Amino acid sequence: MTQRTLTYFLSDLHLGAAYDHGSRERERRVVAFLDSIKERAMAIYLLGDILDYWYEYKYVVPKGYVRLFGKLAELTDAGVQVTWLTGNHDIWLFDYIQKELGVRVVDSELTEEIDGIPFYMAHGDRTGCDSRTFRLMQRLFRNRLCQHLYSAINPRWTIPFALRWSASSRQKPQLCSSPERTEMALSRLETFCHTYLTDHPDTRYFLFGHLHVVARRQLSPAAEMLVLGDWLTHFTYARFDRTCLEIHTFSAAHAAEGNTVR
């Protein structure tokens, strides 16, 4: 029997996005990736925006994502620890994913030792962000009364509205739409990491999503920051083998051939 020794990290799948007509094919590609690592994966961390929109009602499950959800359930049933950190698009994960799929859901950020190595993980949308408007929106989105009022609206109205909002936001100038904006965003994350290290000097790796770029920065001789890219254009993931953390790309050829990722 193959020994489970590897840990995987990926983010920003944005499945179900109204602006992406290839979402179904991307979902199949993600499932092919998860299937290719199922024999060797000890743990999988999903660092937010896995779905482009999700609101969890008490008695209603939004349609779609059955391939992904089925594969996640298969993995957790086989003993793989799957952790889903919420992002700004899948912020409203409550208990369905946990109870039905056996996936651990964590709101926004997580500090954890993996094989004795300290990791800090977050989606990255709230990390070091000083925008008053953004902080206000985050408070509204997490407010229980606002959530209750929103859930009272028929899903036939809320889901199309949310998908249109997401599509329109992607058409606006993006956070990393230019080298300058990319560098500003990465510098913001680096500043946060350096500040965090002053109180948590043993942290070895900082992992983020959100920016839709692949980046790796050395913070100190002993600490690194990685931004995981996405599964819209990059199809990237990180793999930790108990000693080394590397970024890889899952190609269409892998998906077609069903190759095992090593």
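The values are calculated or read from the model by the stated rules, or taken from the named source; none is laboratory data. Treat the numbers as computed from the prediction; the structure is a model and nothing was measured. Backbone-built Cβ (ideal geometry, glycine too); neighbour counts: all protein chains shown. To get the accessible areas, we keep the full protein, side chains included, count just its heavy atoms, and leave off ligands, DNA and RNA. Shrake-Rupley method; radii C 1.70, N 1.55, O 1.52, S 1.80 Å.
Just to make sure I understand: if all protein chains stay in place, what is the order of K71, K58, K38 by accessible area at 1.4 Å, largest first?
Details: K71 20, K58 170, K38 55 Å².
So the residues, ranked largest to smallest area, are K58, K38, K71.
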Within a Gaussian network of the chain (alpha carbon springs, distance under 10 Å), most fluctuating of G64, G102, G87: G64
(1) -0.48, -0.58, -1.46; (2) -0.49, -0.60, -1.67; (3) -0.68, -0.79, -1.34, with the label sought being that of the calculated log10 I(q)/I(0) by the Debye sum over Cα atoms at q = 0.10, 0.11, 0.18 Å⁻¹: (2)
Amide N proximity, segment 41-65 versus A152 label position 7 Å along Cα-to-Cβ, cut-off under 20 Å: 55-60
Top of D95, D202, D125 by mean-square fluctuation, Gaussian network on the chain, Cα under 10 Å: D202
Local electrostatic count at E190 - Lys and Arg +1, Asp and Glu -1, tallied over other residues with Cβ under 14 Å: +1
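Counting only DSSP beta bridges with both residues in the chain, what percent are antiparallel, rounded to the nearest 5?
Values: 20 of 42 bridges.
Roughly 50 percent of the DSSP beta bridges within the chain come out antiparallel.
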R104 paired with D77, simple spin-label distance in nm, labels 7 Å along Cα-to-beta-carbon: 2.2 nm
Rounded, prolate or oblate (a/c below 1.5 giving rounded, otherwise prolate when a/b exceeds b/c) for segment 17-98 by Cα gyration tensor: oblate
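Over the chain, with the other protein chains present, what is the accessible area per residue in square angstrom, probe 1.4 angstrom? Can you show the working numbers first?
Working: 13060 Å² over 262 residues.
With the other protein chains kept in place, the chain gives 50 Å² per residue.
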Max mean-square fluctuation residue, GNM over the chain, Cα-Cα springs under 10 Å, options C146, C193, C244: C244
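Hand me the tally of lysine pairs in the chain: alpha carbons under 22 angstrom apart, and the pair either on different chains or 8 or more positions apart.
Taking the chain as the scope, the lysine pair count is 6.
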Percent accessible area from carbon and sulfur atoms, segment 11-131, protein chains only, probe 1.4 Å: 48 percent
